[in-house]
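Notes follow once the structure below has been shown.
The values are calculated or read from the model by the stated rules, or taken from the named source; none is laboratory data. Computed from a predicted structure; not experimentally measured. Neighbour counts run over all protein chains shown; Cβ positions are idealised from the backbone, glycine included. Accessible surface is based on the protein model in full, side chains and every heavy atom, while ligands, DNA and RNA are left aside. Shrake-Rupley method; radii C 1.70, N 1.55, O 1.52, S 1.80 Å.
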Amino acid sequence: MIYFDNSATTFVSEGVRNRIQELTADEFSANPGALHKLGLKAFEIYDGIRKDTASLLGAKPEEIFFTSCATESANTAIKGYMSRNKRAGNAVISTRTEHKATLECLDYLAKAGYEIRYVKVGPDGKPLIESLEEELGKGSVALACFTLVNNETGSVLPFESIRKTIKAVSPETCIYLDCVQALGKMQVNMSSLGADMCSFSGHKIHSIKGNGVLYVRKGVRIDPLILGGGQQDNMRSGTQSPVLAGAFLEALKEVSEGIEEARVKVAEINSYLRRELAARDALILSPEDALPYVLNVSFKGFESETMLHCLEIYDIYVSTVSACSAKQKKVSYVLLEMGTDRKIAANAVRLSFSRNNTMAEAEEFIRRVDEIYEQFLIK
Ligand code: PLP
């Protein structure tokens with residue numbers, strides 16, 4: 001099997017599996033909110049996990065909240081900020097290339113009467129600074145929402161220049177950054193990054209599904225999305241799970257330790273595939289300077305889904321548009337927004353890699369593409 005669909009989700013690492021096993025032991029399984037000593041033990045382990053997670057992310061423990069996924073983190077950050085800070089302004093700035101986790105929150109806000117202003121992006125998927133300045137210049141911008149690495153193309157946000165522009169034109173604007181596809185693939189450190197709120201997802205870094213993180217910089221006030229018993233400093237109610245938090249931390253440790261080694265390996269795979277695919281008349285849609293973990297390619301003569309199923313015959317797994325919207329059979333809105341021709345976008349396939357992939361798999365992939373062209377292309 002060749003699994004090139006790591007931006008959709010990753011396979012659970014051995015280390016995470018073992019850690020889950022350890023943390024499901026009876027001694028850690030009491031309610032961390034219970035007053036008896038078993039409860040205290042569960043809380044102690046959970047609290048230690050929160051501290052270690054914060055430290056690896058360059059944050060303070062009280063800035064880290066465990067959620068069920070990055071979608072929940074995005075909802076909490078975006079809706080929670082706008083609900084709590086009504087006097088900060090009526091407008092939100094973003095791009096139309098965000099993940100649905102952000103776009104749907106923005107639609108929700110639009111229906112509630114907020115003004116959503118979309119900044120244009122260039123052919124490389126990066127927001128145009130002039131467009132950003134123009135939208136900010138209209139005033140009243142409470143929140144700006146961007147993504148550090150685009151999930152469909154790997155396009156990397158020039159965050160420092162975006163942040164500087166926002167701070168220069170509208171210093172009070174709060175910045176939310178989706179860091180889901182960046183975590184473990186490039187350095188992401190909360191203390192040096194300069195975003196106010198960030199979201200992360202465990203299952204994109206070899207943890208299980210069901211665990212995410214929301215970072216909220218100290219001093220930023222947001223309303224909680226989930227109300228209840230007041231756990232996690234009233235920010236996210238619901239009994240804390242040492243198992244899910246511990247799985248996230250174990251995955252984070254692993255990706256952090258292996259970040260450089262993995263990047264070199266993945267970059268080699270990416271440049272080999274770029275070269276070989278371009279030689280076969282495929283169009284590379286990911287920008288040149290994209291993060292090497294994502295390679296978006298348009299195959300001549302094959303619609304996205306046809307190519308996906310042809311590859312599947314050989315036990316090779318890729319995706320069309322992002323998994324969340326793939327079943328709706330739409331052409332990628334991200335590619336269209338970047339100005340990609342609709343016919344080219346309709347043939348786009350996303351290959352996405354992880355530290356587990358090898359050059360041998362990349363070579364096998366190319367051989368199979370050749371076979372597919374020979375066998376299935378209608379001439
Ligand atoms: N943001 C980006 C960029 C993503 O790629 C994804 C998942 O595809 C999400 C947010 C949502 O993550 P989750 O599945 O943890 O809700």
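Please state the shape class of the stretch 154-275: rounded when a/c is under 1.5, otherwise prolate if a/b exceeds b/c and oblate if not, all from the C-alpha gyration tensor.
In terms of gyration-tensor shape, oblate.
State the answer as a single residue: which of Thr102, Tyr46, Asn150 lies farthest towards the positive end of the charge dipole of the stretch 14-256, with beta carbon charges of +1 for Lys and Arg and -1 for Asp and Glu, about the Cα centre.
Result: Thr102.
Pull up all non-local amide H partners of Thr67: gap of 5 or more, or a different chain, and H-to-H distance under 5 Å with H placed in the peptide plane.
Close amide H contacts, sequence-distant or interchain: Gly212, Val213, Leu214.
With a/c under 1.5 counting as rounded, go ahead and sort the stretch 89-140 into rounded, prolate or oblate using the C-alpha gyration tensor (a ≥ b ≥ c being the square roots of the eigenvalues; past the cut-off, prolate if a/b is larger than b/c, else oblate).
Oblate.
In terms of modelled amide H atoms, which long-range or inter-chain residues lie less than 5 Å from the amide H of Ile116?
Correct list: Val92.
Which net charge results when you count Lys and Arg as +1 and Asp and Glu as -1 among the other residues whose beta-carbon is under 10 Å from that of Ser286?
Computed value for this residue: -2.
Of the heavy-atom accessible surface of the stretch 1-149 (probe 1.4 angstrom), what whole percent is carbon and sulfur? Walk me through the intermediate numbers first.
Values: 3400 of 6640 Å².
Using a 1.4 Å probe with all protein chains present, the stretch 1-149 comes out at 51 percent carbon and sulfur.
Can you tell me which of His99, His36, His203 moves the most in a GNM of the chain? Springs connect C-alpha atoms under 10 Å apart.
Comparing His99, His36, His203 in the GNM, the peak value goes to His36.
Between the helical axis of 304-313 and the dominant principal axis of the chain, each derived from Cα atoms, what acute angle in degrees is found, rounded to the nearest 10?
The answer is roughly 80 degrees.
Using a Gaussian network model of the chain whose springs link C-alpha atoms within less than 10 Å, name the residue from Leu35, Leu311, Leu249 with the highest mean-square fluctuation.
Leu35
Could you please report the charge total around Gly212, scoring K, R as +1 and D, E as -1 over all other residues with beta-carbon less than 13 angstrom from its beta-carbon? Show your work: numbers first, answer last.
Numbers: positive: Lys204, Lys209, Arg236; negative: Glu72, Asp178.
Charge balance in the 13 Å sphere: +1.
To check my understanding: the extent here is largest minus smallest coordinate of the Cα atoms along each principal axis. What are those three numbers for the stretch 246-317, in Å, largest first?
Here the spans come out as 45, 26, 18 Å, largest first.
So for the stretch 251-371, what percent of the C-alpha to C-alpha distances run longer than 24 Å?
Considering the stretch 251-371, 27 percent of its Cα-Cα pairs are separated by more than 24 Å.
Of Lys79/Lys204; Lys111/Lys164; Lys86/Lys330, which pairs sit farther than 28 Å apart, going by alpha carbon to alpha carbon?
Check vs 28 Å cut-off fails for Lys111/Lys164; Lys86/Lys330.
Using modelled amide H (1.01 Å from N, peptide plane; none on Pro or chain starts), what sits under 5 Å from the amide H of Thr147, excluding residues fewer than 5 places away?
Those lying under 5 Å, H to H, from Thr147 are Asp178.
Semi-axes, largest first, in whole Å: what does sqrt of 5 times each Cα gyration tensor eigenvalue give for the stretch 1-66?
28, 18, 9
Could you tell me which of Asn75, Gly212, Ile313 has its Cα farthest along the dipole of the chain towards the positive end, charges placed at Cβ (Lys, Arg +1; Asp, Glu -1), taken about the Cα centre?
So the residue we want is Asn75.
For the full complex of protein chains and a 1.4 angstrom probe, list Val294, Val156 by accessible area with the highest value first.
Val156, Val294
What percent do you get for the relative contact order of the stretch 263-375 when only Cα pairs under 8 Å and 6+ apart count? Intermediate results must be reported in sequence, preceding the final value.
Numbers: 138 pairs, mean separation 37.5, N = 113.
Answer for the stretch 263-375 is 33 percent.
Evaluate the relative contact order of the chain (contact order divided by residue number), counting alpha-carbon pairs under 8 angstrom at least 6 apart; express in whole percent.
Here the relative contact order equals 23 percent.
Helix-only estimate, please: 222 nm mean residue ellipticity of the chain, summing -39500 (n - 2.57) across DSSP H runs of length 4 or more and dividing by its residues, to the nearest 500.
On the way: 14 runs with 160 residues, N = 379.
Rounded to the nearest 500, the figure is -13000 deg cm²/dmol.
For the stretch 258-273, just list the computed ³J(HN,Hα) in residue order, Karplus coefficients 6.51, -1.76 and 1.60, θ = phi - 60°, integers in Hz, with x standing in for Gly and Pro.
These are the phi-based 3J(HN,Hα) values: x, 4, 6, 4, 5, 5, 5, 5, 5, 5, 5, 4, 4, 6, 4, 5 Hz.
Let me check I've understood the local charge: for Asn90, count other residues with C-beta under 13 angstrom from its C-beta, Lys and Arg +1, Asp and Glu -1. What total comes out?
That works out to +3.
Taking the solvent-accessible surface of protein heavy atoms with a 1.4 Å probe, what is the per residue accessible area of the stretch 227-310 in Å²?
Ligands and nucleic acids excluded, the figure is 44 Å² per residue.
Quick one: compute the contact order of the stretch 83-138, relative version, from alpha carbon pairs under 8 angstrom and 6+ residues apart, as a percent.
On the way: 50 pairs, mean separation 19.3, N = 56.
Reported as a whole number, the value is 35 percent.
Please list 3J(HN,Hα) in residue order for the stretch 121-137, calculated via the Karplus relation 6.51 cos²θ - 1.76 cosθ + 1.60 where θ = phi - 60°; whole Hz, with x for glycine and proline.
10, x, x, 8, x, 8, x, 7, 4, 4, 5, 4, 4, 4, 5, 5, x
Could you state the orientation-averaged shadow area of the convex hull built on the Cα atoms of the stretch 14-256, in nm² to one decimal?
12.6
Between Tyr108 and Ile226, what is the FRET efficiency for a Förster distance of 25 Å, r being their Cβ-Cβ separation, to the nearest 0.05?
Computed FRET efficiency for Tyr108 and Ile226: 0.95.
Is there a quick way to get the dipole size of the chain? I mean about its Cα centre, with the Cβ of Lys and Arg at +1 and of Asp and Glu at -1; what is the value in debye to the nearest 20? Spell out each step's value before the answer.
On the way: 45 positive and 49 negative charges, 217 e Å.
The dipole magnitude comes to about 1040 debye.
I'd like the Karplus ³J(HN,Hα) series for the stretch 244-256: coefficients 6.51, -1.76, 1.60, θ = phi - 60°, whole numbers in Hz, and an x wherever there's a Gly or Pro.
3J(HN,Hα) across the stretch 244-256, in whole Hz: 5, 5, x, 5, 4, 4, 4, 5, 5, 4, 5, 5, 5.
Considering only Ala77, Ala182, Ala88, give the residue with the highest GNM mean-square fluctuation for the chain, with springs between Cα atoms whenever their separation is below 10 Å.
Ala88
Within the stretch 167-231, what percent of beta bridges assigned by DSSP are antiparallel, to the nearest 5? Don't skip to the end; give the middle numbers.
Numbers: 5 of 9 bridges.
Bridges in the stretch 167-231 are about 55 percent antiparallel.
Take every DSSP beta bridge whose two residues both sit in the chain, then give the antiparallel share in percent to the nearest 5.
50
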